[in-house]
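The values are calculated or read from the model by the stated rules, or taken from the named source; none is laboratory data. These numbers come from a predicted model, not from an experiment. Protein only, heavy atoms only, side chains kept; ligands, DNA and RNA dropped before computing areas. Shrake-Rupley method; radii C 1.70, N 1.55, O 1.52, S 1.80 Å.
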Amino acid sequence: MNFINSLMSVGFLTGIIFIIVGLITFYFPPKKINHLYGYRTSNSMKSQKRWEVAQLNSSKLMILIGFVLFAISILLGFTKIEFHIITAIETTSLIISIAILFIYVENKIKKIH
């Protein structure tokens, strides 16, 4: 895979999306609990305090995850690994990242009463 192809890969595109969404929700967090915008789970919507903690933590972690996915994609773009294997690596990284995001934020908000 060459560098140009890596710009259109799963990891690169989702990394950029995670960074953009993370920045938007960090700088323009949803003020009130809603069903449209923000980190929305049954736990995060139980109280306004949980909602605020969930928004802050999820946005920061999304930015970090975005940069990690982006970096993985760029690094893999310089390898000679076949494109389908790179796609599998990036997709696996994305799934693991989403699981980490969910587990981390849910554990943070469970501590709030």
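General observations
- Here the extension length gained between LEU36 and THR87 equals 15.3 nm, from 0.36 nm per residue of separation less the Cα-Cα distance.
- The angle between the Cα long axis of helix 83-110 and the longest principal axis of the Cα atoms of the chain comes to about 20 degrees, rounded to the nearest 10.
- Stretched out straight at 0.36 nm per residue, the stretch from LEU64 to ILE16 would grow longer than its current Cα-Cα span by 16.2 nm.
- Working note: Cα atoms of the chain, range along each principal axis, descending, whole Å: 51, 23, 19.
- Multiplying the residue separation of ILE100 and LEU56 by 0.36 nm and removing their Cα-Cα distance gives an extension gain of 14.3 nm.
- Rounded to the nearest 10 degrees, the angle from helix 10-27 to the longest Cα principal axis of the chain is 30 degrees.
- Heavy-atom accessible area order for ARG40, ARG50, largest first, 1.4 Å probe: ARG40, ARG50
- Solvent-accessible surface (1.4 angstrom probe) belonging to LEU56, in square angstrom, nearest 10: 80
- Solvent-accessible surface (1.4 angstrom probe) belonging to THR79, in square angstrom, nearest 10: 40
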